[in-house]
Amino acid sequence: MYITVNGVRLYYEKTGSGRPLVMAHCNSMDHRIFRKSVRILSDRFTVYCPDSRDHGKSSKVKTLHYEDMAKDMVQFITALGLEKPVFYGFSDGGIIGLLLASAYPDLLSALIVSGASLNPGSTKDLPMKFFKLWSHVDRSDKMRIMMREPDITDEMLRAIRVPTFVTAGEKDVIKPEHTRHIAETVPGAKLKIFPKTGHSGYIMNSAKIAEYILSVVSC
């Protein structure tokens with residue numbers, strides 16, 4: 001299905017029934033990375049999986065900004081009439097979730113973020129070097145956005161009022177001190193580190209994140 005919001009056309013899939021849950025994917029991927037999770041979560045939630053702008057089947061753009069992507073999700077939620085959805089975001093999706101919950105404190109009922117960054121310095125040096133190299137090959141703005149954004153401040157984190165759950169892999173590309181800082185700064189946030197896994201191993205084509213969401217969010 002398609003919906004036009006914030007000047008772009010977003011593709012999304014809707015599955016299941018129950019409490020609304022929006023799932024936002026990572027950089028350079030699309031909604032399909034959540035298919036294994038959706039099969040589990042759709043028994044308890046109505047799951048909405050949009051492709052972010054310039055990803056998957058959604059509109060292409062020349063320049064990406066996380067603030068624009070967050071506004072896309074605000075209008076997506078509003079246009080579909082989703083009442084207090086749960087929002088799950090992985091990597092770039094987690095950044096979008098933090099921006100969303102900070103700027104619109106009454107929009108969501110719960111927030112779960114995985115492998116989210118606060119700024120370009122949140123990413124470990126070696127992965128960032130790879131992203132910089134790949135940016136010369138990839139003609140889109142996907143890699144370049146990670147070198148200049150986001151800029152999420154402590155004030156923004158403290159403005160989040162919904163129950164928040166912060167996760168990362170033990171071997172994540174995000175520096176552990178940045179993940180801990182998010183969990184320590186968002187009021188009442190809970191932290192979960194998945195052992196023996198990296199940035200995406202417990203999320204992409206995995207049931208682990210679905211099981212975690214079910215364990216922390218009641219339906």
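Bear in mind these aren't lab numbers, they're just calculated from the coordinates by the rules spelled out. Computed from a predicted model, the values in this text were never measured in an experiment. Neighbour counts are summed over all protein chains in view; Cβ atoms, including those assigned to glycine, are modelled from backbone coordinates with ideal geometry.
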Self-check item: Charge dipole magnitude, Cβ of K and R +1, D and E -1 - the range 3-124, Cα centre, debye nearest 20
Solution: 360 debye
Quiz item: Expressed as a whole number of Å, what is the distance separating the alpha-carbon centroids of the range 115-179 and the range 62-109?
Solution: 16 Å
Exercise. Tell me which residues come under 5 Å, amide H to amide H, from Thr46 once H is placed; ignore anything under 5 positions away on its chain.
Key: Ser17, Gly18, Arg19, Leu21
Quiz prompt | Extreme residue, positive dipole direction of the range 2-216, given options Ala159, Met204, Leu133 (C-beta unit charges) | solution = Met204
Quiz item: In nm², what is the average projected area of the convex hull enclosing the Cα atoms of the range 153-219?
Solution: 4.9 nm²
Quiz item: Among the aspartates and glutamates, which fall within straight-line cross-link reach of Lys62, defined as a Cα-Cα distance under 20 Å, with same-chain neighbours fewer than 8 residues apart omitted?
Solution: Asp30, Asp51, Asp54, Asp72, Asp92, Asp138, Asp141, Glu149
Quiz item: What are the trypsin sites (Lys or Arg not before Pro) within the range 115-177 that DSSP puts in a loop, where the Cβ has at most 10 other Cβ atoms within 10 Å?
Solution: Arg139
Practice problem: Kindly identify the range 55-141 as rounded, prolate or oblate by the Cα gyration tensor criterion: order the square roots of the eigenvalues as a ≥ b ≥ c, call it rounded if a/c is under 1.5, otherwise compare a/b with b/c, prolate if a/b is larger, else oblate. | Solution: oblate
Self-check item: In Hz, Karplus ³J(HN,Hα) per residue of the range 43-51 (6.51, -1.76, 1.60; θ = phi - 60°; x = Gly, Pro)
Solution: 6, 10, 10, 8, 9, 10, 10, x, 8
Quiz prompt | Local electrostatic count, Val61, Cβ distance below 10 Å [Lys/Arg +1, Asp/Glu -1] | solution = 0
Quiz item: In debye, nearest 20: dipole of the chain around its Cα centre with unit charges on the Cβ of K, R (+) and D, E (-)?
Solution: 560 debye
